[in-house]
Amino acid sequence: MMETPLPDLEAILLVGGQGTRLRPLTLGTPKPLLPTAGVPFLAHQLSRARSFGVRRIVFATSYRAEMFSEAFGDGSAFGLSLEYMTEETPLGTGGAIRNAAEALTCGPDAPVLVLNGDILSGHDIGAQVAMHVERRAAVTLHLTEVDDPTRFGCVPTDDEGRVTAFLEKTPNPVTNRINAGCYVFTRSVIDTIPAGEVVSVERETFPSLIEAGVPVLGYADASYWLDVGTPAAFVKGSRDLVLGRLHSPALPGPTGEFLALPGAVVSPEAKVEGGSTVGARAVVESGAQVSGSVLSDECVVHEGATVVDSVIGIGAEIFPGAVLRGAVIGDGAVVGSGNELLAGSRLWPGVVLPECAVRFSSDV
């Protein structure tokens, strides 16, 4: 097997979703651009794709499309050539792939990598492409195993690795092997997707290809994989990158207990650990405890505050004695002293919680 795909491999990156499950973080920023381990989330995907030989990527955009080109430009900073194709109305996964394919330059028999903009994966993209090319597949899907497959598309395969069915979220999965959201298409197969129509590859394209008997393969492995669609998963992804559990060429510093961006001020008497990121010009005062969290630029965690597995928005302020565990604090919000925000708490941007306004326990 080839260790890396062809050097002129092209890719499509699906980044059209609104990221509603991550609100309020995504009210002003698309999910794929959220700061993750110190850089926009997509920087990790772009740098990994580049490391496997991808040189040109077409962004399939919809929600706040202009922000992607503002963030990444022509891609030269990553050694990539980037193009942007915007859907005026969302076209579904299949429609988005078909629309973006208009900007591809490769021939009908070439493999095209398709990536989802909300997945962190450590799998060997080169091996997946090689399997696809060697076996002349129509599509080759990356498959991974999860503990709870009911939340994902379930993908059974036969002994030769051919996909036998594509079962979208079902309460009684026949396998714990799921669609991991990275595909290799033969270019001519993309061209069979109807143009300008709303199409789901999961519900329409893949099942129809399987029914037609063309080779749809599953590339299964057990490497790191995470869908960052929820606040808890987003925090975990950033934490794992900082701790080095998943390698990323885009990480802007060494792996370790925490990553501090330029201008961050962390008191020697503060305890910052667990793969936390401290944003640019953010402040963590003496006696504060921060673990496994994402502190955005210019936020302040005052003395004696506790922040665990949480996201603190840009310019937000956490006052002394406040306790946050699994919380999301919007940009510019203020959490007054004595507040206690536990798992699932979300504070919208600019909201000010006065002293002891919210508690989950009686002790102060």
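Observations, loosely collected:
- Alpha-carbon centroid distance for the pair segment 130-198 / segment 302-343, whole angstrom: 41 Å
- Other-chain or far-sequence residues with amide H under 5 Å of PHE59's (modelled H): LEU13, GLU83, TYR84, MET85
- Accessible surface of the chain [probe 1.4 Å, protein heavy atoms]: carbon and sulfur percent: 51 percent
- Aspartates and glutamates with Cα under 18 Å of LYS271, excluding same-chain neighbours fewer than 8 positions away: GLU257, GLU285, GLU303, ASP309, GLU317
- Summing charges over neighbours of LEU25, with a neighbour being any other residue whose Cβ is under 12 Å away from its Cβ, gives +3 when K and R count +1 and D and E count -1.
- Net charge contributed by nearby residues that have their C-beta within less than 14 Å of THR144 (K/R +1, D/E -1): -4
- Once the gyration tensor of the Cα atoms in the chain is diagonalised, the equivalent ellipsoid follows with semi-axes of 40, 21, 19 Å, ordered largest first.
- Working note: Karplus 6.51/-1.76/1.60 with θ = phi - 60° gives segment 184-189 the couplings 10, 9, 6, 3, 5, 6 Hz, where Gly and Pro are set to x.
- Highest-fluctuation residue, SER76, SER291, SER62 considered, GNM on the chain with Cα pairs under 10 Å: SER76
- Taking a straight Cα-Cα cut-off under 24 Å and skipping sequence neighbours fewer than 8 places away in the same chain, the lysines within cross-link reach of LYS31 are LYS169, LYS236.
- Entry note, the chain: the mean residue ellipticity at 222 nm calculated from DSSP H runs of n ≥ 4, each adding -39500 (n - 2.57), is -4500 deg cm²/dmol after division by the residues and rounding to the nearest 500.
- Summing +1 for each Lys or Arg and -1 for each Asp or Glu among the other residues whose beta-carbon sits under 10 angstrom from that of VAL283 gives -2.
- Working from Cα pairs under 8 Å separated by at least six residues, relative contact order for segment 1-120 is 36 percent.
- Computed from backbone phi with θ = phi - 60° and the Karplus coefficients 6.51, -1.76 and 1.60, the 3J(HN,Hα) list for segment 116-126 is 9, x, 10, 10, 9, 9, x, 6, 7, 4, x Hz; x is used for glycine and proline.
- Residue-normalised accessible area of segment 242-288, expressed per residue, 1.4 Å probe, Å²: 48 Å²
The values are calculated or read from the model by the stated rules, or taken from the named source; none is laboratory data. Bear in mind that the values here come from a model prediction, so they are computed numbers and not experimental data. Quick reminder, even Gly has a Cβ in these numbers, built from the backbone with ideal geometry, and neighbours come from all protein chains shown. Just so you know, the surface numbers come from the protein's heavy atoms only, side chains and all, with ligands and any DNA or RNA stripped out. Shrake-Rupley method; radii C 1.70, N 1.55, O 1.52, S 1.80 Å.
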